[in-house]
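Notes to accompany the following structure.
Read the figures in this text as sums done on the coordinates, not as results from a lab. Note that the structure is a prediction, hence the values are computed from the model and not measured.
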């Protein structure tokens, strides 16, 4: 599968978010220790702006305020970046494009497939891809059970699965043998892990520090096979 490389641009899409959003995002990226240039940060701000506008009509997320979207969606997705291995990424159950679109913006050299069964949410995702000219993103309207296994990924990631076991069952077949399988979680999923038929499938659980978020976030690294 070949992706067109992303074309850099300088234009802004729609109404700019308030300046406070600009500073909040910049401070959060700095706190995460990431180096993202101004063009990428502008695209992330535009993404928040588009999500805010579309959310009023399509109810894409329960998060309503742009400031909260920066923390709970953008910075939360970026916090996973150190554990993601490129260049081929699969985001299962992407919803409003999280974390897949954020990863694609932060790493334009990566090829990202965002997959979901909700066409309503994917209409928004396609709009973001078009407006932000994301040539490194492929959008798939399909259930993961029906997505072909032919092409494997360096990282398979999701914020959508209810259990670590489900993530392993559905995600591992799409991951390269030396790839990374990542489940994004809130509090440490001790009950989920203890109830696994084979707890050994969990390689590590990493605590994420999301700037401005007063809640626990973890990412579970799972054996790929």
*For residue 81 and residue 119 in one chain, what is 0.36 nm times their gap in residues minus the Cα-Cα distance, to one decimal in nm?*
11.0 nm
_GNM top mover of 30, 44, 115 - the chain, alpha-carbon springs below 10 Å_ = 30
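Length gain on complete extension for the stretch residue 150 to residue 65, per 0.36 nm per residue less the alpha carbon to alpha carbon distance?
Details: separation 85, 0.36 × 85 = 30.60 nm, distance 4.02 nm.
Using 0.36 nm per residue and subtracting the Cα-Cα distance, I get 26.6 nm.
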_Considering only the chain, percent of DSSP beta bridges that pair antiparallel, nearest 5_ = 40
*Among 156, 128, 114, which one moves the most in a GNM of the chain with springs linking Cα atoms closer than 10 Å?*
128
*For every helix of n ≥ 4 consecutive DSSP H residues, a contribution of -39,500 (n - 2.57) applies; sum these over the chain, divide by its total residues, and give [θ] at 222 nm rounded to the nearest 500 deg cm²/dmol.*
-9500 deg cm²/dmol
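Output the direction-averaged projected area (hull surface divided by four) of the convex hull of the alpha-carbon atoms of the range 26-137, in nm².
Numbers: hull surface 25.2 nm².
Directional mean of the projected Cα hull area for the range 26-137 stands at 6.3 nm².
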*May I ask for the distance between the Cα centers of the range 160-216 and the range 102-118, given as a whole number of Å?*
19
*By how many degrees, between 0 and 90 and to the nearest 10, does the Cα long axis of helix 19-31 differ from the longest principal axis of the chain?*
40
_Whole-angstrom Cα spans of the range 26-75 along principal axes, big to small_ = 34, 18, 11
*With a ≥ b ≥ c taken as the square roots of the eigenvalues of the C-alpha gyration tensor of the range 108-191, please select rounded if a/c is under 1.5 and otherwise prolate if a/b is larger than b/c or oblate if it is not?*
prolate
*Please say if the range 139-187 is rounded, prolate or oblate, where rounded means a/c under 1.5 for a ≥ b ≥ c the square roots of the C-alpha gyration tensor eigenvalues, and otherwise the choice is prolate for a/b larger than b/c and oblate otherwise?*
oblate
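Relative contact order of the chain, please, whole-number percent, based on alpha carbon pairs below 8 angstrom and at least 6 residues apart. Don't skip to the answer; put the middle values down first.
Details: 409 pairs, mean separation 43.2, N = 225.
Once normalised by length, the contact order is 19 percent.
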*Tell me, in nm to one decimal, what length is gained between residue 130 and residue 35 on full extension, where the rule is 0.36 nm per residue of separation less the Cα-Cα distance?*
31.7 nm
*When all alpha-carbon pairs of the range 19-222 are counted, what percent fall beyond 25 Å?*
33
